[in-house]
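Below: the structure, in structure tokens.
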Amino acid sequence: MHFELLAEYFDKIERASERLKMTDLLAELFNKTDSENIKNVVYLSQGQLGPNYSKVEAGIGEKLLMDAIAKASGYTRHEIEKQFKEKGDLGLVAEALIARKKQSSLFHEKLSVRKVFDNLIKIARAEGSGSQELKLKLMAELLNSALPLEAKFIARIPLENLRLGIGDPTIMDSFALSLVEEGKKEKELVKKIEAQMKEKKIKEKEWSEELNRRIKVALRERIEEKYNIYSDLGEIASILKEKGLGGLEKISIEPGIPIRPTLAERLPSAEEILEKIGKCAVEAKYDGFRLQVHKNKEKIIIFSRQQENMTHMFPEIVEGAKKQLKAESAVIEGEALAVNEETGEFFPFQVTIQRKRKYEIGEKAKEFPLKLFVFDVMMLNGKNFMNEPFSKRRKELEEMLKKGETIELTESIITDDSKKINSFFEDCVQRGLEGIIAKDLNAKYIAGARKFAWIKLKRSYKGELSDTVDAVIIGYYKGKGKRTEFGLGALLTAVYDEKKDEFKSIAKIGTGMSEEKMVELEKILSKIKTTHKPARVNSELEPDHWVEPKYVIEVRADEITKSPIHTAGKTKELGFALRFPRMISIRVDKKPEEATTEKEIIEMYEQQKHVQTSEAKEEF
């Protein structure tokens, strides 16, 4: 498969103004891609060189890339730097300069997807003496053979800045769309869908289109169900291409491949929790790193909630897992916190976050040792436990865990008494924990979804928004007055609509940022600026600069209000907005799709109204 075809589709996708168009183009691309190349095409579409959890980094910075462009085009570093300042995108610089090369090489070849991918992998693996020269040679080799449009994307990929805005949900939608014709051959599926359509009295002229749409939705659910337990879209694409939909049945949990974490809903009181799920397990909610620990004999792999391999960062947890987990193979989940060994108290998250580092790991491990508080088991000795009720999973977890210094079970009670829940909640909060999580004793482990199987409880005062919101930056404003010198004065942020795979605006944020933070934000955001509104962004406000939805920030606000200018939760004329929002921090542990959802905002608004109404009655 020629890389030229992939570059042409990437260019069309970049210019797409609607997510549906982006999905159609991707489906077309996947249909045109053979089984040999599909895996790499999916990874490249994600702007990666492998699945999320493998985190293969090319290790090329802007300076080395500029040297490669210079070598392939004949332009000087100075000329390239000048163009880069003007365009703000080395991909566009490479495209322009390769189009008007000052020199032509004696040898160049028509680039294939395999050649581009293989060279980028070799660049990523180059280490030690002479590695920089080798990286430069391999990158210049690609640019030398590239057409201008190919050069644009070849330059962007190693910088992890493809600027296509393709999220995992869009890729899964595209898989489903490309498989609709195969889905029509499944008689039972079609029969079931047609029965539903007859019941809904779908008109004859709409029948074919609606049938296709419903088959696509059904296939999408099937694909996502497997992705939730096997987080490798490239491998799933390869299986679908070679074996069709039937190949999905063979995908199962595998140690070393992360499972997407289950997510908790919110309710404002113990009484409402009991009304929703009845007698339940109530666990302390710890404020640390949510980790997934995979054991396969003596091999331990630790993933963050964002599927980042963090094994090397937490040597004490690796050793603890080897000693304390009585299992040949297992996948467990827990929360890791830094602990003050002298007092036994938990450090705040600001201290725990210092353990997330590439260097000086040993020193920090001694200074701030971690404890892992485990709360679930998804696989044990080759058996999938995700479909077992929580009560059984907890029992298995208790039996498999040896006593030790590093790994402990979460504190937990089982009750149907709201007074006991409130008492446990107060105790947790007083000891510096976040609150509690109530868990349905009969619920399965629902990977990748937010259901009322888990419900978190945090304190609310006077109807104010005490829980923070994780918002995605979708644009920024240059600022006025003194802030013009930083190039950034305010952020335009959004929440995530899971159903539509869109980011909908909720707040313009100009407070909570120090001068240093504004400079830092401008530096990282300027690298992901786009010339038009990204296809997955839904906003009626227009910032000075749009950016790809990539960075999540934690936001504190006084309350959620109705708004005529924001699109989150918008029906007719009004949406929702955050009142007096201020930025707290960048959430490095979250993907954009893991931000607060539109559905959560609506629920938080209803809970806020409920608290306000209750307090008004008390005052009366």
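The values are calculated or read from the model by the stated rules, or taken from the named source; none is laboratory data. Just so it is clear, the structure is predicted and the values come from calculations on it, not from any experiment. Positions of Cβ are backbone-derived with ideal geometry, glycine not excepted, and every protein chain shown enters the neighbour counts.
Structural remarks
- Considered as a group, the residues in region 63-103 that are surrounded by fewer than 22 Cβ atoms within 10 Å (Cβ to Cβ) and of a type in the set (Asp, Glu) include one that is nearest to LYS527 (Cα to Cα), and that residue is GLU86.
- Selected residue (only one of ILE437, ILE407, ILE455 is at negative phi, out of contact with any helix residue (DSSP H, G or I) (no Cβ under 6 Å at 6 or more places or on another chain) and buried (at least 17 other Cβ atoms within 10 Å of the Cβ)): ILE437
- Residues of region 579-603 satisfying the condition of being out of contact with any helix residue (DSSP H, G or I) (no Cβ under 9 Å at 6 or more places or on another chain) and either at pLDDT below 80 or closer than 22 Å to THR511 by Cα (or both): ARG579, PHE580, PRO581, ARG582, ILE584, LYS590, PRO592, ALA595, ILE601
- Some residue of region 565-575 being under 30 Å from GLN292 (Cα atoms), surrounded by fewer than 18 Cβ atoms within 10 Å (Cβ to Cβ) and modelled with pLDDT under 90: no
- Taken over region 2-37, residues that are in a loop (DSSP other than H, G, I, E, B) and closer than 21 Å to GLU95 by Cα amount to 1.
- One residue from ALA438, ALA447 being closer than 18 Å to PRO261 by Cα, outside any helix (DSSP H, G or I) and touching a Cys at 6+ places or on another chain (Cβ under 7 Å): ALA438
- All positions within region 502-532 that are surrounded by 21 or more Cβ atoms within 10 Å (Cβ to Cβ), under 30 Å from ARG220 (Cβ atoms) and not basic (Lys, Arg): GLU502, PHE503, SER505, ILE506, ILE528
- Counting only residues that are more than 20 Å from MET386 (Cβ to Cβ) and under 20 Å from the mean Cα position of the chain (by Cα), region 234-269 holds 2 of them.
- Given (1) modelled with pLDDT of 95 or more; (2) assigned by TED's automatic domain parsing to the domain that holds ALA507; (3) not hydroxyl-bearing (Ser, Thr, Tyr), number of the condition LYS478 does not satisfy: (1)
- Candidates MET378, MET386 - the one that is part of a loop (DSSP other than H, G, I, E, B), surrounded by 15 or more Cβ atoms within 10 Å (Cβ to Cβ) and within 24 Å of the chain's Cα centre (by Cα): MET386
- Residues within region 363-383 that are charged (D, E, K, R) and closer than 16 Å to LYS295 by Cβ, tallied: 2
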